[in-house]
Amino acid sequence: MHDEEPGGSTQSQPTPGAVIPLSRPSWVGRERDYVLAAMASEIHQGDGPFTRRCHALLEERLGVARALLTTSCTTALEMAAILARRVDPGRFAGEVICPSYTFPSTAGAFALHGYEPVFADVRADTLNLDESKVEALITPRTRAIVAVHYAGVPCEMDALARIARAHDLVLVEDAAQAIFSRYHGRPAGALGDMAAFSFHATKNLSCGEGGAITFRDEGWVARAEIIREKGTNRDQFQRGLVDKYTWVDHGGSYLPSELLAACLLAQLEDAEAIQARRRACYEQYLARLAPLADAGLLRLPVVPEGVESNHHLFFVRVDSADTRDRLTHALEAEGITALFHYAALHRTPMGRRFGERSLPVAEEAARTVLRLPLYAGLALEDVDRVGDAIERFYGTSRAWSGACAT
């Protein structure tokens with residue numbers, strides 16, 4: 001497959017024998033023009049016109065009260081950690097319940113601000129936070145629950161929301177992988193009190209490095225704007241609400257530059273086309289690998305009824321770490337990049353500091369999940385090439401003439 005230039009299409013053609021990467025940003029064509037326009041302007045810092053247009057698009061499409069761009073999903077989670085504190089700044093912040101099978105930032109952003117992560121197991125079907133395990137972990141020190149929408153499939157948010165309300169806890173969505181996913185008709189990002197998104201180069205929509213925090217209700221917004229502006233009320237000053245600005249709260253430098261916002265705006269405007277290409281590849285994988293799943297050789301992703309995935313990643317689950325290693329090497333030998341995903345955080349050197357426990361599903365996922373190439377520019381023929389290689393690994397062979405509708 002040829003390399004895509006920044007001004008190129010999300011469409012691409014396969015080149016026999018070329019290496020298929022795990023992920024690749026898919027540029028839609030206007031990124032360069034928007035970035036050059038931002039560079040030509042006098043506003044390069046955050047919260048300029050491109051940032052405001054991104055905020056407006058996110059608020060409209062997610063149905064949230066407010067969206068604020070951040071430098072990453074990690075810093076969006078840090079903002080959520082600060083907002084969720086309900087004690088004096090100098091005291092211990094409390095505990096946060098989060099899944100063990102997730103990226104370190106989910107726990108690390110809260111640990112950085114004085115929380116103790118309490119790791120929960122994940123569901124055997126979706127690998128999302130197991131809602132049935134959460135309530136038993138709540139103590140008087142619990143302040144928040146973080147629900148990670150793994151692979152773009154939303155958690156069982158109704159159940160988690162009921163638990164959060166019953167115990168007066170903040171419900172945070174780690175929606176790093178779930179931009180424009182939906183749960184019973186409602187967008188991810190509008191399901192909890194607040195949500196964190198990622199626009200990293202590996203995500204569905206990208207500006208290289210970037211993120212956003214969203215709020216379902218206005219009540220969080222005023223303080224969030226202060227935290228995002230280094231703990232100052234600068235935003236209120238710029239809107240003429242105060243005659244000078246000063247340090248009033250905790251905060252950090254969480255605003256991305258206008259250049260990143262300009263790049264992201266082009267992606268947001270073409271999101272439907274990007275999502276459609278990812279969906280086509282995802283569905284092709286399902287069709288190709290279904291016979292192997294039916295034979296019990298591997299397991300495929302599960303999307304529960306009422307949930308709409310954004311097809312962020314495609315993964316298979318094999319029977320052991322040894323099988324995964326051998327399959328990874330077999331694919332690599334055919335020019336196909338496939339990788340494991342997360343370690344179970346409670347088994348990591350940092351995670352062990354917060355207590356030992358057994359979380360069998362998270363531990364099994366850490367041994368057996370293998371991610372396959374998926375990005376908007378991936379050709380369907382290359383999906384078939386991956387499928388052929390996996391079939392050869394398992395010693396099966398069949399003619400394939402099906403095609404997934406695009």
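Can you pull out the residues in region 1-35 that are farther than 23 Å from Glu332 by Cβ, modelled with pLDDT of 50 or more and of a type in the set (D, E, K, R)?
Arg30, Glu31, Arg32, Asp33
Go over the candidates Val383, Val369 one by one and state the one that is surrounded by 24 or more Cβ atoms within 10 Å (Cβ to Cβ) and not small (Gly, Ala, Ser).
Numbers: Val369 fails: surrounded by 24 or more Cβ atoms within 10 Å (Cβ to Cβ).
After applying the criteria, what remains is Val383.
Taking region 181-199 only, how many residues are in a strand (DSSP E or B), touching a Pro at 6+ places or on another chain (Cβ under 8 Å) and either small (Gly, Ala, Ser) or within 13 Å of Leu58 (Cα to Cα) (or both)? Explain how you work it out, then say what you get.
Our first condition is that a residue be in a strand (DSSP E or B); within region 181-199, this holds for 182-183, 186-187, 194-198.
Narrowing further to those that are touching a Pro at 6+ places or on another chain (Cβ under 8 Å): 182-183.
Those left that are additionally either small (Gly, Ala, Ser) or within 13 Å of Leu58 (Cα to Cα) (or both): none.
Looking only at that region, the number is 0.
Can you name the residue in region 296-335 that is in contact (Cβ under 8 Å) with a residue 60 or more places away in the chain and over 26 Å from the mean Cα position of the chain (by Cα) and is also farthest from Ala124 (Cα to Cα) among such residues?
This residue is Gly335.
Test each condition in (1) farther than 30 Å from Glu308 by Cα; (2) buried (at least 24 other Cβ atoms within 10 Å of the Cβ) for Gly211 and report the one that comes out false.
(1)
Determine the pairs where a residue that is within 17 Å of Asp382 (Cα to Cα), located within region 260-283, has a partner that is modelled with pLDDT of 95 or more and assigned to a helix (DSSP H, G or I) with Cβ atoms under 6 Å apart, the partner being 6 or more residues away or on another chain.
Close Cβ pairs (under 6 Å, with a partner that is modelled with pLDDT of 95 or more and assigned to a helix (DSSP H, G or I)) amount to Cys281/Val383.
Give Arg66, Arg85, Arg52 a once-over and let me know the one that is assigned by TED's automatic domain parsing to the domain that holds Arg143, within 25 Å of Gly231 (Cβ to Cβ), surrounded by fewer than 21 Cβ atoms within 10 Å (Cβ to Cβ) and touching a Ser or Thr at 6+ places or on another chain (Cβ under 9 Å).
Values: Arg85 fails: touching a Ser or Thr at 6+ places or on another chain (Cβ under 9 Å); Arg52 fails: touching a Ser or Thr at 6+ places or on another chain (Cβ under 9 Å).
Selected residue: Arg66, the only one of Arg66, Arg85, Arg52 that is assigned by TED's automatic domain parsing to the domain that holds Arg143, within 25 Å of Gly231 (Cβ to Cβ), surrounded by fewer than 21 Cβ atoms within 10 Å (Cβ to Cβ) and touching a Ser or Thr at 6+ places or on another chain (Cβ under 9 Å).
Which condition from (1) under 15 Å from Arg371 (Cβ atoms); (2) surrounded by 22 or more Cβ atoms within 10 Å (Cβ to Cβ) is the one that Pro256 breaks?
Evaluating Pro256 over (1) under 15 Å from Arg371 (Cβ atoms); (2) surrounded by 22 or more Cβ atoms within 10 Å (Cβ to Cβ) leaves (1) as the failure.
From the list Arg278, Arg228, pick out the single residue that is at pLDDT 95 or above and in the same structural domain as Ile179 (by TED's automatic domain parsing).
Numbers: Arg278 fails: in the same structural domain as Ile179 (by TED's automatic domain parsing).
That would be Arg228, the only listed residue that is at pLDDT 95 or above and in the same structural domain as Ile179 (by TED's automatic domain parsing).
For His113, work out the one condition from (1) farther than 22 Å from His341 by Cα; (2) part of a strand (DSSP E or B) it doesn't fulfil.
Exception for His113: condition (2).
Could you give every pair whose Cβ atoms fall below 6 Å, whose first residue belongs to region 381-395 and is under 13 Å from Ala333 (Cα atoms), and whose second residue is in a helix (DSSP H, G or I), counting only separations of at least 6 or pairs across chains?
Ala389/Leu331; Phe393/Leu327; Phe393/Ala330
Considering only residues of region 133-162 that are without any contact (Cβ under 8 Å) to a residue 24 or more places away in the chain and assigned to a helix (DSSP H, G or I), which is surrounded by the most Cβ atoms within 10 Å (Cβ to Cβ)? Step through it out loud before you land on a result.
As a first pass, look at region 133-162 and keep what is without any contact (Cβ under 8 Å) to a residue 24 or more places away in the chain: 133, 136, 140, 162.
Imposing the further condition that a residue be assigned to a helix (DSSP H, G or I) reduces the set to 133, 136, 162.
Working: Lys133: 16, Ala136: 7, Arg162: 13.
So, considering only residues that are without any contact (Cβ under 8 Å) to a residue 24 or more places away in the chain and assigned to a helix (DSSP H, G or I), the one surrounded by the most Cβ atoms within 10 Å (Cβ to Cβ) is Lys133.
The values are calculated or read from the model by the stated rules, or taken from the named source; none is laboratory data. As the structure is a prediction and not an experimental result, all values here were calculated from the model. In this analysis, Cβ positions are derived from the backbone assuming ideal geometry, glycine residues included, and neighbour counts consider all displayed protein chains.
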